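The values are calculated or read from the model by the stated rules, or taken from the named source; none is laboratory data. None of these values were measured; they are calculated from a predicted model. So basically every Cβ, Gly included, is an ideal-geometry build from the backbone, and we count neighbours across all protein chains shown.
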Amino acid sequence: MLMRLGVGLSCLGGLLLSSAVAATCVEHPPLQLQIAGDSALDSQAQLVWKRCLLGTTWNARTKGCEGVAKGYSQKEAQRAAQAVLGEWRLPTEPELETLLVDSCAGLKLDRRVFPNVAAADFGEGAKIWTSSEALPGMFYFLNFSVGGLDMHSAGFGLGVLLVKDAKGKRQ
């Protein structure tokens with residue numbers, strides 16, 4: 001009798017724990033960013049994000065990104081960001097982490113805001129560069145397929161989302 005009770009309590013505890021873990025993910029997250037065409041404003045962090053991966057462009061008619069995403073090395077990404085009009089740049093690791101959403105399934109960011117980040121999956125997950133150096137010659141990236149942070153050598157080709165400071169942001 002005691003053994004059955006112990007097994008029953010263990011099973012019940014496991015069910016409660018798994019229910020609690022499952023309850024922490026968000027199926028339909030509240031919209032955190034204010035969408036304005038090809039960009040989105042994070043008023044809390046005072047950042048403006050390009051909604052499409054670098055190399056693709058926003059189509060206002062279809063309300064989506066067009067073109068083929070490609071992987072950029074750190075140098076290529078920095079040069080491409082400077083070539084875009086405005087003060088666009090690669091995000092720092094803490095800035096990029098603000099986009100993480102604990103979704104129940106799929107990408108760990110709001111696809112209503114960033115509709116083509118899945119295109120950055122070149123076979124190992126939707127990995128997006130940051131400008132934050134982890135070690136000499138190694139930079140952090142965020143894998144939005146799993147919500148994990150990792151690092152890679154600067155010459156490796158990964159996806160890029162651009163960001164800039166919102167007007168009036170205190171430095």
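In region 127-140, of all residues being among the hydroxyl-bearing types (Ser, Thr, Tyr) and within 13 Å of the chain's Cα centre (by Cα), the one that is surrounded by the most Cβ atoms within 10 Å (Cβ to Cβ) corresponds to Thr130. Note on region 32-51: residues that are in a loop (DSSP other than H, G, I, E, B) and aliphatic (A, V, I, L, M) amount to 2. Considering every residue within region 97-118, establish whether at least one is aromatic (Phe, Trp, Tyr), in contact with a strand residue (DSSP E or B) (Cβ under 6 Å, 6 or more places away or on another chain), under 28 Å from Ala36 (Cβ atoms) and crowded, with 20+ Cβ neighbours inside 10 Å. Looking for residues that are aromatic (Phe, Trp, Tyr), in contact with a strand residue (DSSP E or B) (Cβ under 6 Å, 6 or more places away or on another chain), under 28 Å from Ala36 (Cβ atoms) and crowded, with 20+ Cβ neighbours inside 10 Å, one finds none in region 97-118, hence no.
Evaluated against (1) over 14 Å from Gly159 (Cα atoms); (2) touching a Pro at 6+ places or on another chain (Cβ under 9 Å), Lys108 falls short on exactly one condition, (2). For region 84-99, the set of residues classified as among the basic types (Lys, Arg) and either in a loop (DSSP other than H, G, I, E, B) or without any contact (Cβ under 8 Å) to a residue 12 or more places away in the chain (or both) is empty. Is there a residue being at pLDDT 90 or above, surrounded by fewer than 13 Cβ atoms within 10 Å (Cβ to Cβ) and out of contact with any His (no Cβ under 6 Å at 6 or more places or on another chain) anywhere in region 21-34? Yes: region 21-34 contains one or more residues that are at pLDDT 90 or above, surrounded by fewer than 13 Cβ atoms within 10 Å (Cβ to Cβ) and out of contact with any His (no Cβ under 6 Å at 6 or more places or on another chain).
Residues in region 141-151 that are surrounded by fewer than 21 Cβ atoms within 10 Å (Cβ to Cβ) and closer than 12 Å to Gln74 by Cβ: Met151 alone. Across region 124-136, the qualifying residues are those that are out of contact with any strand residue (DSSP E or B) (no Cβ under 6 Å at 6 or more places or on another chain) and not hydroxyl-bearing (Ser, Thr, Tyr), and the one among them that is modelled with the lowest pLDDT is Glu124. Restricting region 52-73 to residues that are in a strand (DSSP E or B) and of a type in the set (S, T, N, Q), the residue that is nearest to the chain's Cα centre (by Cα) is Thr57.
Please work out which residue is surrounded by the fewest Cβ atoms within 10 Å (Cβ to Cβ), limiting yourself to region 61-76 and to residues that are hydrophobic (A, V, I, L, M, F, W, C) and modelled with pLDDT under 95. The extreme case among them is Val68.
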